[in-house]
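Read-outs throughout are calculated quantities, based only on the coordinates presented, and are distinct from any laboratory measurement. Here the structure is a predicted model, which means the values were calculated and not measured. Because the Cβ atoms are built from the backbone with ideal geometry, glycine has one as well, and the counts that use them run over all protein chains shown.
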Amino acid sequence: MNDILPADVHVWQLFEDTVRSWLRAYGYSEIRMPLVERTELFVRSIGEVTDIVEKEMYTFIDALSNESLTLRPEGTASCVRAAVEHNLLYQGSQRLWYGGPMFRHERPQKGRYRQFHQFGVEALGLAGPDIDIEHMVMCARLWRMLGLEGIELELNTLGAVEERSRYRARLVDYFERRADRLDADSRRRLNTNPLRILDSKNPAMAEVISGAPRLIEDLGIESRSHYESVKAGVAAAGVAFRENPRLVRGLDYYNRTVFEWTTTRLGAQGTVCAGGRYDALIEQIGGRSAPACGFAMGVERLLDLMREARSFERSAPDIYLVRQGARAESYAERLAESLRDAGLAVALHCGGGSFKSQMKKADASGARFAVIVGDDEADRQELTLKALRVATEQTRVTLAEAVRLVQAQSQND
């Protein structure tokens, strides 16, 4: 679990501000859920025989209530639970988003930590392929807004429950006849969650998996029509994709459309965003049956891509205010507040020190300008403005002139 230090926070803020603007553009409303839920919520929704539930959840017994509680490993189950508990769907369909930390006890590696952050998007009460299409199209827009390249869309369908049940029987029969070629993890999953075998990352399993039957052969007319409409809509929007019949996702609640956005630029952890449709989950959690779909993106992984795509300037104030002299001390404090009132970010030097040492700190701060105040400036109610990033002469100006010059430089930048 990592600290996010001041030198990195500005990149997070840029990402978060962009995401919030993007979500407003699509009409999604924020919802905030607790970090801790009853364990049974995740067992029922994610699936008892999944890596998350079997190996990765941070679960503990509450000392007062004796209940089993879990730090949330993902956001969809919590969001749906909140929507059911507060009867949000009685008001009509809901477009919701959330952001924040999630927790999984995984082996830490680049872009994957035990406390990680996600933004999630959930559309509740919408059954048609149009909302599936919107989710993939809006992701493509976000990558453009962030200046990211090399993120590719993979798409598949898991069909309806009864179709997946038929496929499951065929898949188990196929793998049972080749049990000697399965690794230990796949043999364990064979009679509990055989679709997860298709998602194995073991290279030794690639050949046997490639020959497995395909779920699309078991799709009925309705599921096939939904999938064809999704593909046609995504293509019509100009979003390139690759069909991946082995894409099954690691959570049991998915049905029909599933998708992942992947990249080869992050090593083995190539998925940066994933989601799909989960039409049975609302009823499963205790609400009235209603369709739903959504997706979540890993913030740390996307930030790694952003850092690779461009260099970020360190977050810096507009002005570093240097003060020297008895009368200048209090005048500088009032002046700093007036500059902030004008919308400028001002770091006021504190702690004393020589003029030379203060100017060194001004330069190190990254500020575009230093404002210098001595007793003479205090007496005249003026200030000396010195540009720190371009070679120009310092000048004595009024507060209003200083604001105009700094804002003009910011607009030019």
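Shown here for segment 1-96: GluC sites (Glu not before Pro) in loop regions (DSSP other than H, G, I, E, B) with at most 15 other Cβ atoms within 10 Å, namely 48, 67. Cross-link reach is defined here as a Cα-Cα straight distance under 16 Å, omitting same-chain residues fewer than 8 places apart; for residue 55 the aspartates and glutamates meeting it are 40, 74, 106, 185, 252.
Straight-line reach from residue 361: taking Cα to Cα under 18 Å and skipping same-chain neighbours fewer than 8 places apart, the aspartates and glutamates in range are 313, 318, 329, 333.
With respect to the chain, whose longest principal axis is taken over its alpha-carbon atoms, helix 399-412 is tilted by about 40°. The distance linking segment 1-15 with segment 225-249 is 34 Å (Cα centroid to Cα centroid, whole angstrom).
How far, in nm, would the chain grow between residue 396 and residue 244 when pulled straight, counting 0.36 nm per residue and subtracting the alpha carbon separation? Walk me through the numbers on the way to the answer.
Details: separation 152, 0.36 × 152 = 54.72 nm, distance 6.61 nm.
Full-extension gain reported as 48.1 nm.
Model label sites at residue 190 and residue 20, defined 7 Å from Cα along the beta-carbon direction, differ in position by 5.3 nm.
One quarter of the convex hull surface, Cα atoms only: what value does that give for the chain in nm²? Taking a quarter of the hull surface, the average projection is 26.3 nm².
In this simple spin-label approximation, residue 106 and residue 206 carry label points 7 Å from Cα along the Cα→Cβ vector, and these lie 2.2 nm apart. All other residues whose Cβ lies under 14 angstrom from that of residue 142 are scored, Lys and Arg at +1 and Asp and Glu at -1, for a net of +1.
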